[in-house]
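Student: The structure under discussion is supplied below as structure tokens; questions concerning it will follow.
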Amino acid sequence: MNEPVLALAGVEKIYNRGEPGEVSVLRGASLSIGAREVVALVAPSGAGKSTLLHIAGLLDAADAGTVAIGGEDMTRATDRARTAVRREKVGFIYQFHHLLPEFTARENVMLPQLANGAGQAAARARADMLLDKVGVAARATHRPAELSGGEQQRVAFCRALANGPSLLLADEPTGNLDPVTSETVFGALMDLVRETGLSALIATHNLELAGRMDRILRLDGGVLSAG
Ligand code: ADP
């Protein structure tokens, strides 16, 4: 059976429940992303994109509704099971790269692999292969501070893909870059996603970038609809 790579059904999230500052951010959000599908998540700031991505990536729990990854319902799974699925199947990219400053580009891409049980040689070979695909192989031994913003973000893409996830979740991955750099770095990300056959949910404000994905989902009033 061809299970969706990611499926959310009726997801609700309320912050500060029962308090004066209660915010109902998600009010029954549902989506289904198939194999190799790249979906744009478009919404104004504060609409709940980060909340939705964190719930989809099992970093946060929904107050109601279900989350399934690779056909496996994770809603009532133990923390241990959620962590295992997140580590094996999900890659994250944020607006800021969050690379470890004391390690080189190559080491930043090797570390998640080593933490997942890979050997040094295999981790290094995969890191170099990924860095090469996004055009930063020549910077492999540089630390983040010695890289441009666009290069830092390309390295962060490689780190997200280090353990061969089936699902990529990205929160404004080029939102911190100038328009020209954003354009080329986004192109590198799309090439990498297409080449590795990943499914992806990519939040962006940029409608031109959203238009290059397979389809658009809009988050408005806590629910998702086709854009
Ligand atoms: P977006 O990513 O679309 O900008 P967020 O998911 O970050 O939106 O936030 C959605 C809403 O939820 C905002 O109003 C924000 O202030 C609120 N919010 C986010 N995280 C928390 C939290 N931990 N506690 C309380 N409110 C939060």
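Student: Before I look further, what does the stretch 20-137 give for accessible area per residue, probe 1.4 Å, in whole square angstrom?
Tutor: Numbers: 5720 Å² over 118 residues.
Per-residue accessible area for the stretch 20-137 comes out at 48 Å².
Student: Helix-only estimate, please: 222 nm mean residue ellipticity of the chain, summing -39500 (n - 2.57) across DSSP H runs of length 4 or more and dividing by its residues, to the nearest 500. Please list the in-between numbers first.
Tutor: On the way: 7 runs with 78 residues, N = 227.
After summing the helix terms and dividing by the residues of the chain, the value is -10500 deg cm²/dmol.
Student: What is the angle, in °, between the Cα long axis of helix 79-89 and the longest principal axis of the Cα atoms in the chain? Nearest 10 is fine, range 0 to 90.
Tutor: Taking Cα atoms only, the helix is inclined about 50 degrees.
Student: From the square roots a ≥ b ≥ c of the eigenvalues of the alpha-carbon gyration tensor of the stretch 1-68, which class results: rounded (a/c under 1.5), prolate (a/b over b/c), or oblate? Walk me through the numbers before you get to the answer.
Tutor: Numbers: a/c = 2.79, a/b = 1.79, b/c = 1.56.
Cα axes put the stretch 1-68 in the prolate bin.
Student: Taking the 0 to 90 degree range and rounding to the nearest ten, how far is the long axis of helix 179-196 tilted relative to the main principal axis of the chain, both from C-alpha atoms?
Tutor: Compared with the principal axis, the helix lies near 90 degrees.
Student: Project the alpha carbons of the stretch 160-199 onto their principal axes and report the range along each, largest first, in whole Å.
Tutor: Here the spans come out as 29, 18, 15 Å, largest first.
Student: Still on this structure, I have one more. Picking from Arg215, Arg36, Arg126, which is most flexible by a Gaussian network model of the chain using Cα springs under 10 Å?
Tutor: Arg215
Student: Note the full-extension length gain between Glu3 and Glu72 as 0.36 nm times their separation in residues minus their Cα-Cα distance, in nm to one decimal. Mind showing how you got there, number by number?
Tutor: On the way: separation 69, 0.36 × 69 = 24.84 nm, distance 0.90 nm.
Contour length minus Cα-Cα distance gives 23.9 nm.
Student: In addition: Need one number for the chain: average projected area of the convex hull over its C-alpha atoms, nm². Mind showing how you got there, number by number?
Tutor: Details: hull surface 51.9 nm².
Mean orientational projected area (the chain, Cα hull): 13.0 nm².
Student: Of the accessible area of the chain, with the probe set at 1.4 angstrom, what percent is carbon plus sulfur?
Tutor: Values: 5280 of 10550 Å².
Within the chain, the accessible surface is 50 percent carbon and sulfur.
Student: Let me ask you something else. Given H placed on each backbone N at 1.01 Å, which residues far from Leu26 in sequence or on other chains put an amide H within less than 5 Å of it?
Tutor: When sequence neighbours closer than 5 places are left aside, the close amide H contacts are Lys13.
Student: For every other residue with a beta carbon closer than 10 angstrom to the beta carbon of Ala40, add +1 if it is Lys or Arg and -1 if Asp or Glu, then tell me the sum. The partial results should precede the final answer.
Tutor: Working: positive: Arg212, Arg215, Arg218; negative: Asp214.
Around Ala40, the surrounding residues sum to +2.
Student: Something else now. Pop a pseudo-label 7 angstrom from the Cα along the beta-carbon direction at both Gln120 and Glu102 and give the gap in nm to one decimal.
Tutor: 1.9
Student: Based on alpha-carbon centroids, what's the gap between the stretch 103-160 and the stretch 17-87 in Å, whole number please?
Tutor: 28
Student: Got a sec to turn the phi values of the stretch 96-111 into Karplus ³J(HN,Hα) couplings, 6.51 cos²θ - 1.76 cosθ + 1.60 with θ = phi - 60°, whole Hz, x for Gly and Pro?
Tutor: Each residue of the stretch 96-111 in turn: 9, 5, 6, 6, 7, x, 8, 10, 6, 4, 4, 5, 4, 7, 6, 4 Hz.
Student: Using per-residue counts of other Cβ atoms within 10 Å, averaged over each peptide, order 182-188, 15-21, 138-144, 157-163 from highest down. Walk me through the numbers on the way to the answer.
Tutor: Numbers: 182-188: 18.1, 15-21: 8.3, 138-144: 15.9, 157-163: 23.7.
Result, highest mean first: 157-163, 182-188, 138-144, 15-21.
The values are calculated or read from the model by the stated rules, or taken from the named source; none is laboratory data. This is a predicted model, so every value here is computed, not measured. When we count neighbours, we look across all protein chains shown, and the Cβ atoms used for this are built from the backbone with ideal geometry, even at glycine. We work out accessible area using only protein heavy atoms, side chains counted, and drop any ligands, DNA or RNA first. Shrake-Rupley method; radii C 1.70, N 1.55, O 1.52, S 1.80 Å.
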